[in-house]
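The values are calculated or read from the model by the stated rules, or taken from the named source; none is laboratory data. Everything numeric here is computed off the predicted structure, so don't read it as measured data. Every residue, glycine as well, gets a Cβ built from its backbone with ideal geometry; the counts of neighbours run over all protein chains shown.
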Amino acid sequence: MHRTLTYKILAQHLVEGQLEAGKPIGIRIDQTLTQDATGTTAFLLFESMGVGRVRTDLSVSYVDHNMSQFGPENHNDHLYLQTIAARSGVYHSRPGNGICHQVHLERFGKPGATLLGSDSHTPTGGGLGMIAIGAGGLDVAAAMGGGAFYLTCPKVIGVELTGKFGEWVASKDVILKLLSILTTKGNVGCVVEYFGAGVETLTVPQRATITNMGAELGVTTSIFPSDEKTKSFLEAQGRGDAYQPLQAAMNAQYDRVIKLNLSELEPMAACPSSPDNIQPIAEIKGRRIHQVVIGSCTNSSFSDLMLAAEVLKGRTVDAGVEFAVAPGSRQVLQMLAKNGMLAVLIAAGARILESGCGPCIGQGFSPADGVVTLRTFNRNFAGRTGTKGDQCYLVSPETAIASAIMGEITDPRTLKQMLGLSCPVVKLPKEFLIDDSMIDKPLPRDESGKVTVVRGPTIVVPESPKPLPAELDGRVLLKCGDKITTDHIMPAGSFLKYRSNVPVYSKYVFNCFNEEGQPTFAERALAHKQQGVGGIVVGGESYGQGSSREHAALCPMYLGVRAVLAKSIERIHKANLINFAIVPVEFDNPDDYDRVHAGDALRIPELLESIRLLDTVRIINDAGGYEFNGRLTLSTRDRAILLAGGLLNLAKKAGK
């Protein structure tokens, strides 16, 4: 059988269902990761399952998001996560040790393994040949307890890479090019698998950049083969024993093949305000900039920052540009300090930020009003920087550093003519600096049971969903458009510190749509909840894209939202809605979207019966005096979760 690499690994981990595209399957999970913005809730839910100790091969709790510590909330989270990890047999990466995806790639990732993470950029692990999938915290908690992860068996999009990069062209330009082809929507239920002679020219960090930002395609994950480049990387990390060669079968059958010649690529950018608004740098060059940031889990590796430092030797950034660097891990920071390149960056005018997510999630370094910011990140949704009306461009480190020097968006290929500067060749070291002193190892079972878990007053156990009614009497609380992201639903930035306290965090649901002097979304929702009226949110295409943050379902559930009605709903968010007993419904006829308005009273008279037996649901618009159908695209397990009143209730009923 001419199997893709994706199907080879899935076959080795299959515990339920058949490997047939579009069919529901369950797979065994080898590794999990959580981060502090989602981890507190994940571990609170894990505790409520009563399992006690994780049953995976390896689970890691990272602290990399809530780092600012304005007030006690962040540190309360950190202490809870450190102690619950010790109690549960989990590795704990302390604050300052680095971004979860970068550190996991360096210290824990394993070719051929399955990794489930409560962060949408978990597919970074695909750069090592893993099936690495982002999911909501409740799904990760279930996997930590030994449960399978359920998903739709994917179609596989093959991307054949040929040729090799020209000067100043980067791996970031590969994924930007692919985003220009596939866009951010319409790819649910797919995996992107890279193959071809061009793969051999890419290092593991370069591959990881591509699989990381592959999350913006809306696919389940992305994956590269495991080959000699993988072996060299793992050996340099002192983990050569984790290596195994893996690749697709000869003549593997893909559902679609896209051919990319690396030799023909050029520097590109994702322009405001979507990762798929792609333009060649050559067409937008010359725009004045005032801020440049190199970092995030996409481009903060040792090789990325070494390239920036090499370019900046003997130079300074433009006086009108604020320039910041955020190393992806403590390993990267230590190596730059040891070889003197950190001093080069500082001398050039760089502000050195903590090894964490920081500006990528709106935690500081927000740009001024009306200015252009260039970032090597993976998302540029409107307002994500923390500045309303921001002009954020996503670029490669090569483009970022060239632009920082010149003070305007600059095609780095022109530096040779303007400054006589060729692109530096950065080779990966034969040995990385290994210092795991900020990773707490799991305690033996007899010691872990003695650990006292620290629960500060801002650590609040989330309430369980109420059972769905047989008939839903609902009110449209909000009607929104296409590409509503989880950032729109649950803002990060300065609100992120409230994530361990759902009653407080819920006050900011759909905060971006609230109008001064008018009742907020939360206030309207709670008022209807108290009257026994279920809340309904109406959206357009690609509702719920972006982050895996389950709070985008958990907090609306707390406010009484019982259904989301949209033209299409993205994979992770749809799973989170189901897990928290919010019914995901898609318009059977997209034209019906235009007939529904905010404030409309909608009834679903046979809700439970439809969930139990049907693929459609009848919806009556009492305000408009008409009815229409919605689609229920649900697996047997999805139906069981909704009928049980959420995943946690289902697990409790099953005695798991």
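Of all residue pairs spaced 6 or more apart or on separate chains, those with beta-carbon atoms under 9 Å, a first member in segment 278-294 that is farther than 15 Å from Arg375 by Cβ and a second member that is of a type in the set (Asp, Glu) and assigned to a strand (DSSP E or B) are Lys285/Glu408; Gly286/Glu408; Arg288/Glu408. So for segment 491-504 (the condition being aromatic (Phe, Trp, Tyr) and free of Cβ contacts under 8 Å to residues at least 24 places away in the same chain), does at least one residue qualify? Yes, some residue in segment 491-504 is aromatic (Phe, Trp, Tyr) and free of Cβ contacts under 8 Å to residues at least 24 places away in the same chain. The set of residues in segment 599-617 being part of a strand (DSSP E or B), surrounded by fewer than 17 Cβ atoms within 10 Å (Cβ to Cβ) and in contact with a helix residue (DSSP H, G or I) (Cβ under 8 Å, 6 or more places away or on another chain) consists of Thr616 alone. Here's a check for you: in segment 311-339, which residue that is touching a residue at least 60 places away in the same chain (Cβ under 8 Å) and touching a Cys at 6+ places or on another chain (Cβ under 9 Å) is surrounded by the fewest Cβ atoms within 10 Å (Cβ to Cβ)? This residue is Val311. Residue check: is Leu478 out of contact with any Pro (no Cβ under 7 Å at 6 or more places or on another chain) and farther than 30 Å from Met335 by Cβ? Spelling it out, Leu478 is indeed out of contact with any Pro (no Cβ under 7 Å at 6 or more places or on another chain) and farther than 30 Å from Met335 by Cβ. Might you check whether a residue that is of a type in the set (Val, Ile, Thr), modelled with pLDDT of 95 or more, closer than 28 Å to His65 by Cβ and in contact with a strand residue (DSSP E or B) (Cβ under 8 Å, 6 or more places away or on another chain) occurs anywhere in segment 183-190? No - not one qualifying residue is present in segment 183-190. Looking only at segment 347-356, decide whether some residue is surrounded by fewer than 20 Cβ atoms within 10 Å (Cβ to Cβ), farther than 27 Å from Arg549 by Cβ and without any contact (Cβ under 8 Å) to a residue 12 or more places away in the chain. No; the residues of segment 347-356 include none that is surrounded by fewer than 20 Cβ atoms within 10 Å (Cβ to Cβ), farther than 27 Å from Arg549 by Cβ and without any contact (Cβ under 8 Å) to a residue 12 or more places away in the chain. Highlighted here are the helices (runs of 4 or more DSSP H) found entirely within segment 369-450 that include at least 1 residues which are in contact (Cβ under 8 Å) with a residue 60 or more places away in the chain and surrounded by 18 or more Cβ atoms within 10 Å (Cβ to Cβ): 397-406, 415-419. Taking the criterion of being of a type in the set (D, E, K, R) and at pLDDT below 95, the residues of segment 380-399 that qualify are Arg384, Lys388.
The number of residues in segment 626-656 being charged (D, E, K, R) and either in contact with an Asp or Glu (Cβ under 7 Å, 6 or more places away or on another chain) or in a strand (DSSP E or B) (or both) comes to 2.
Residues that are in contact (Cβ under 8 Å) with a residue 40 or more places away in the chain, within 22 Å of Asp435 (Cβ to Cβ) and surrounded by fewer than 15 Cβ atoms within 10 Å (Cβ to Cβ) within segment 224-267 comprise just one, Gly238.
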